[in-house]
Number of protein chains: 2
Amino acid sequence: MENSLQARPDLTKNQSLVMGALAQANAPLSAYTILDQLRDHGFRAPLQVYRALDKLVEFGLVHRLECLNAFVACRHPECEAQEIIAFTICEACGQVGEISDDSLARRIKKVAKETGFQSKKSTVELRGICQACHAI
Amino acid sequence: MENSLQARPDLTKNQSLVMGALAQANAPLSAYTILDQLRDHGFRAPLQVYRALDKLVEFGLVHRLECLNAFVACRHPECEAQEIIAFTICEACGQVGEISDDSLARRIKKVAKETGFQSKKSTVELRGICQACHAI
DNA sequence: GCAATTATGTAATTGTATAACGTATATCAA
DNA sequence: TTGATATACGTTATACAATTACATAATTGC
C-alpha cells in the first residue's frame, strides 16, 4: 500500500457492479440512483454503494462531483497521472467533461503557493452550457 | 432586479443573525451548526437558516463551500467584482482563504472556451495545509 | 386602503452519508 | 493446517443536508 498509484486491481463484485452502472450512464449518478439501479443485483443498502465508490475513487476510476453530490466514471484511461482536473458540467444535458490542462494546474499550484498554502487535493468544477447544447 | 450586483441591501433580522454567526466564526459553519447557535434567538427550523443563507450568498456576503457543505463569510468587502474565486481550506485548522487571481480566472475561462464550454459559475476549492499550520 | 411582493414560522419529507454492529472471505506466516 | 490479520460484505439505525408544502406576517408601491 506504499503507492496510491497502483495498477488497477481486480474489482470485487460490488465494485464491478457500481463501476458498470457508472460506465453505462453518460452523466453523473448519485449514490442513491446507483443503489436503485442495482437492487436487482442484490443491493439493499446505501453503504454497499458508498463502500464501492470509495474504492473506485481511490483507484482513480471514478470522480466525485462535489457540487452535484454525484459520481462519474473517469473518461481518461490514464487520468491518475493528472494532479488537477477541471470538470465542465452542462446544465442543459447533464454531461460532464474532463479537462486536464497542465498550465491551469501549474497556475493553481503557483497561486496557492504564493499565499503559502500547500495544496493536497483540488476541486475545480465549472457549470454552464456545453458546445453541443449551445448549438441547439 | 436587473442587476445582481446590487448595493448591499439592509439585512432582515434572520439574515443579520445568520451573518453575525458566520462573521464571528473564523471557519466555515454548516447550516445546522448555525441553527443550533441561533436557537436562543428563536430559530427553530433549518429552513430559516437556508433562506437567510440563500439571500446572503446572492448578496455576495457569504460563500458556499461545496466540498464541505458549509458556508463562510466573505473576507473581501468588494469581492462581488470577482468572477472566479479560489478557496484554500486548511485541513488542520479549518481556516478558509480566498484567492482572486485574474490570471487564474482568465486561464480557467480560456481552457473552458477551448472545448466550447460556456462557463456560468465556477467552483475552485483547494484542500491542504495553510502557511501557519505548516510552520508548526 | 389595497394589491403585490417579500419575509417568516412550522411540519413533514426527501436526499445524502456514516456509525456500529456482525459475518464472511482471502492472504500469509508459523 | 492453524491462527492472525486484513479486507470485503450485509444489515440496521442514525446523523446530517436540503427542500416541499402550506399558512401567516410584514413591507412596498400605487
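The values are calculated or read from the model by the stated rules, or taken from the named source; none is laboratory data. Since this is a predicted model, take the numbers as computed values, not measurements. Because the Cβ atoms are built from the backbone with ideal geometry, glycine has one as well, and the counts that use them run over all protein chains shown. These accessible areas exclude ligands, DNA and RNA; they are computed on the full protein's heavy atoms, side chains included. Shrake-Rupley method; radii C 1.70, N 1.55, O 1.52, S 1.80 Å.
Summary table
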item: Which numbered condition residue B:125 fails, given (1) open to solvent by 10 Å² or more (accessible area, probe 1.4 Å); (2) within 14 Å of chain A (Cβ to nearest Cβ); result: (1)
item: For residue A:48: the one exception among (1) within 14 Å of chain B (Cβ to nearest Cβ); (2) within 11 Å of DNA strand D (Cβ to nearest atom); result: (1)
item: Tabulated pairs, segment A:15-35, first within 20 Å of residue A:91 (Cα to Cα), second within 12 Å of DNA strand D (Cβ to nearest atom) and not in a helix (DSSP H, G or I), C-beta under 7 angstrom, 6+ apart or interchain; result: A:28/A:68; A:30/A:69
item: Only one of A:53, A:35 that is more than 9 Å from DNA strand D (Cβ to nearest atom), at pLDDT 95 or above, out of contact with any Ser or Thr (no Cβ under 8 Å at 6 or more places or on another chain) and within 21 Å of residue B:66 (Cβ to Cβ); result: A:53
item: Restricting segment B:93-118 to residues that are at the interface with chain A (Cβ under 8 Å from one of its Cβ atoms) and under 19 Å from the mean Cα position of the chain (by Cα), the residue that is modelled with the highest pLDDT; result: B:97
item: Given (1) in contact with a Phe, Trp or Tyr (Cβ under 8 Å, 6 or more places away or on another chain); (2) free of Cβ contacts under 8 Å to residues at least 60 places away in the same chain, index of the condition residue B:116 fails; result: (1)
